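This report refers to the structure that appears directly beneath it.
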Amino acid sequence: MEKFFDRLGFLGLSLIGVGTLATRFVFVVDGGERAVIFNKFRGLQDTVYGEGMHFKIPVIMEPRRFEIRSRPRLISSATGTNDLQQVELTLRLLFRPIESKLPEILNNIGPDYDDKVLPSIGNEVLKQVVAQYNAGQLITKREEVSKVIRERLQARANDFGLILDDVSITHLQFAREFQNSIEAK
């Protein structure tokens, strides 16, 4: 009986050892995520791994995970209109990376791509579009302005491997003097 328990104990310890060792050779990509592998000898690999369990070589291969679900981002900008009125705009973006471009995004921009790209292209597009309208047109043609901003912003975001699912103006406020003159009328 003692031999049986010794073998059972050895079997249990062996299973724990094999299980621990085996977990070093796999990585799991959760739902709503994708991963790319950084190989310490060959660099960033082009393969994008979907949901599930995947093989890796410990120490040599390191998975880098990306969230691919749409995420919100607010971008605020103060700019001038065609008639030189100051206006503060806030855009709400729903964005996600293009899955096939994840290795390129990580290689060229980095893991914090949204912090680097979205504010700069958002401000650039807002200043370009708002400068084409006067203050009154921004109020009366808000839907048209929003559409132009959406189209131009999507074109710019596409250059960086991003998809914009939604773009909307959430806040539009003019300088105090302009607001006072409108209220006086």
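Some observations on this one:
- Summed side-chain charge close to residue 33 - residues other than residue 33 whose Cβ falls under 11 Å, Lys, Arg +1, Asp, Glu -1: 0
- For the chain, accessible area per residue (1.4 Å probe, heavy atoms of protein chains only), Å²: 61
- Accessible carbon and sulfur surface of the stretch 64-185 relative to its total accessible area, %, 1.4 Å: 47
- The stretch 122-172 and the stretch 40-63 have Cα centres lying 38 Å from one another.
- Gain on full extension, evaluated as 0.36 nm per residue between residue 139 and residue 73 minus their Cα-Cα distance, stands at 21.4 nm.
- Think of the chain as a dipole: +1 on every Lys or Arg Cβ, -1 on every Asp or Glu Cβ, centred on the Cα centre; then among 167, 97, 10, 10 lies furthest on the positive end.
- Close amide H contacts of residue 133 (hydrogens built in the peptide plane, cut-off under 5 Å, sequence separation of 5 or more or a different chain): 82.
- Amide N of the stretch 55-82 lying under 14 Å from the label point, which is placed 7 angstrom from the Cα of residue 40 along Cα→Cβ: 57-63
- The charge dipole of the stretch 104-172, taken about its Cα centre with unit charges on the Cβ of Lys, Arg, Asp and Glu (plus for the first two, minus for the last two), comes to roughly 400 debye.
- The chain: Cα Rg divided by the 2.2 N^0.38 Å rule of thumb: 1.63
- For the chain, the residue among 129, 23, 119 whose Cα projects farthest onto the positive side of the dipole built from Cβ charges is 23.
- For the stretch 97-139, a simple Cβ point-charge model (Lys and Arg +1, Asp and Glu -1, everything else neutral) yields a dipole of about 220 debye relative to the Cα centre.
- Cα-projected label distance for residue 55 with residue 131, points at 7 Å along beta-carbon direction, nm: 5.5
- Of the chymotrypsin sites (Phe, Trp or Tyr not before Pro) in the stretch 1-72, those whose Cβ has at most 14 other Cβ within 10 Å and which sit in DSSP loop: 25, 41
- The simple Förster model, with R0 at 30 Å and r as the Cβ-Cβ distance, assigns residue 18 and residue 107 a FRET efficiency of 0.25.
- For the chain, a simple Cβ point-charge model (Lys and Arg +1, Asp and Glu -1, everything else neutral) yields a dipole of about 260 debye relative to the Cα centre.
- Comparing 64, 92, 24 in a Gaussian network model of the chain, where Cα atoms under 10 Å apart are tied by springs, the biggest mean-square fluctuation is seen for 24.
The values are calculated or read from the model by the stated rules, or taken from the named source; none is laboratory data. Not measured: the values here are computed from a predicted model. Reconstructed Cβ throughout: ideal geometry from the backbone, glycine too, with neighbour counts over all protein chains shown. SASA here: full protein model, heavy atoms, side chains in, ligands and nucleic acids out. Shrake-Rupley method; radii C 1.70, N 1.55, O 1.52, S 1.80 Å.
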